[in-house]
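The values are calculated or read from the model by the stated rules, or taken from the named source; none is laboratory data. All values reported here derive from a predicted model rather than from experimental measurement. Every residue, glycine among them, receives a Cβ derived from its backbone with ideal geometry; neighbour counts consider all protein chains shown.
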C-alpha cells in the first residue's frame, strides 16, 4: 500500500466532487455530483495503467468517454423528455479499469476505488439532497476555500524569510488552510443542523466555527433581547470554549503528532473538567429552547489573511522571546497572543516542539496558558457586551476553569519548571 497513490486518488476524487457539485448546483442534465467523481477516478486509473502499457490507454479512455457524451447528447436531442445520465456508463468504464488494475496493480487500491464507486452510486438521494440545501452563499464559501487551499497555497514559496528565518510563506498559509478548514467543517455542520440545533449542538458548532464570535453573539443577545435566557447563553458560551480546548488538541495532533503523549494529557484534563462542569450546567438548564443564530462564512479571504498575519506575528514574537528571554519569554507571548487568538500560538508552539526548539513540558504549558488567557478575554467580552446575569454565570464557570488550569500548571509532573522560568524573567 503506497500513501502517495492514495493521495493521488483522493485528490482525483475531491476534484471530481468539486466540479460535480458546481455542475449539479447549476442543474446540469449531462453530469453531476456523482458522475464527475467517477470520470475523474476513471482518468486516474487509466493514467496508472498507462505507466505500464503506454499512452494509448489514456487515448482509448478519452475516446470512450467522448463517445458516451456524444451518444447521451444525441439521445437527448431525439427524446428531450427522457432523463439521460452518464452515471451507469461512467461506472461501467471505471469498474472495467478497476478490474484491470486488480490484476496489474495494488489490489488494496483497486478494492478501495471499487468500494468508493459503490458508495457514490448508493448515495444518490443523499448527495442530491445535500446539493439542494446549498445556497449561493454556501457555494461561495466552498469556492473561497478552494482558492485558499488549492490556488494560493501551491504557488507560495517554501523557504524561510525575515528575522530568525521563521517566516515561511508556504508553512504559514498551510496553517491558515488548517484553521479555515476546521471552521468550514463547523459551518457546514451548522447548515445541516444549525437552525434546529439546541443549546448543546449550538455550543459545539460555535466552538468549531469560532468560540470568540459565539461568545460575542450570545452575550449581545442577552443585552438586546430581555427574553433571551442568560443561563442558556452562558451554557452555549461555555460549551463553545470547551470545544475550543479540544480543537487545540486536534491542532497539535495535526502539526506535531509526536508530541501528543506528553502534550495531550494535561490539556485533556482541562477539557474533561470543562466537559463535566458544562454537562452539569446543561442537565439543569430547564426546558427553555434555544436556536443558534446565523453563522458567517469562515472561508472569507479577508479572514484568512488576518489569521495569516496574526500567525506570522506570533512566529516572530516567539522567536524573539525565545532568543532574548528563553522559554520564559514564550509564556509572556502566550498570555498576550492568547487574549485574541489561541490558534496562532498553539500552531507556532507545536512547530517549535516538533523541531525540538521548545521542550514538550514547556510547550503544553505555553498552550494551556494561552487557552486560559483566551478564557479571560472572552469573560471580559461578556462583561462588556452582555447582561449582568450572563456575566455572573460566565465569570463563575470560567473562574472555576482558570483555578483548575492553574492547579494543572502547578501540580503536573516537573511542576517547578514554570515557576523558575517566570521568576527568571
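Out of curiosity, is residue 163 under 29 Å from residue 25 (Cα atoms), surrounded by fewer than 17 Cβ atoms within 10 Å (Cβ to Cβ) and in the same structural domain as residue 305 (by TED's automatic domain parsing)? Break it down into steps so the answer makes sense when it comes.
Working: under 29 Å from residue 25 (Cα atoms): no; surrounded by fewer than 17 Cβ atoms within 10 Å (Cβ to Cβ): yes; in the same structural domain as residue 305 (by TED's automatic domain parsing): yes.
Here the answer is no, as residue 163 does not meet what is asked.
So which residues in the range 318-336 are modelled with pLDDT under 85 and crowded, with 21+ Cβ neighbours inside 10 Å, if there are any at all?
318, 319, 327, 330
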